[in-house]
Amino acid sequence: MPFVYAGAAILTPAFFCRHPGRAFVDGAAVRPRRGRRRLCGLRLEAVWMHVGTPDAIKAAEEAILESAA
C-alpha cells in the first residue's frame, strides 16, 4: 500500500462523547464508521516531515530554508 495515515484528523466533539474514558481515538473507535462511509482521506501532494525530535526539527528547518533559496 503506497499510503500511510499520518495521524491528523478533524473529529466532531460528539465522537468523543460516544467513547467516554478514551484518551485518544483508536482503531476500535474508528472501524465501525469505515463501513458506513463516514471516513475519508486526502492525498497530500507535498513534502511531509515529522518534527518529533530535535534532530528532525533541525532537518525540517534546513529543508524549508533550502526550498526557499
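The values are calculated or read from the model by the stated rules, or taken from the named source; none is laboratory data. In this text the structure is predicted, and so the values were computed from the model without any measurement. Positions of Cβ are generated from backbone atoms using ideal geometry, with glycine treated the same way; all protein chains shown enter the neighbour counts.
One table, with the values for the structure above:
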quantity: Residue count, the range 45-65 (criterion: surrounded by 10 or more Cβ atoms within 10 Å (Cβ to Cβ), without any contact (Cβ under 8 Å) to a residue 12 or more places away in the chain and part of a loop (DSSP other than H, G, I, E, B)); calculated: 2
quantity: Any hit, the range 19-31, residues being hydrophobic (A, V, I, L, M, F, W, C), assigned to a loop (DSSP other than H, G, I, E, B), out of contact with any helix residue (DSSP H, G or I) (no Cβ under 9 Å at 6 or more places or on another chain) and at pLDDT below 70; calculated: yes
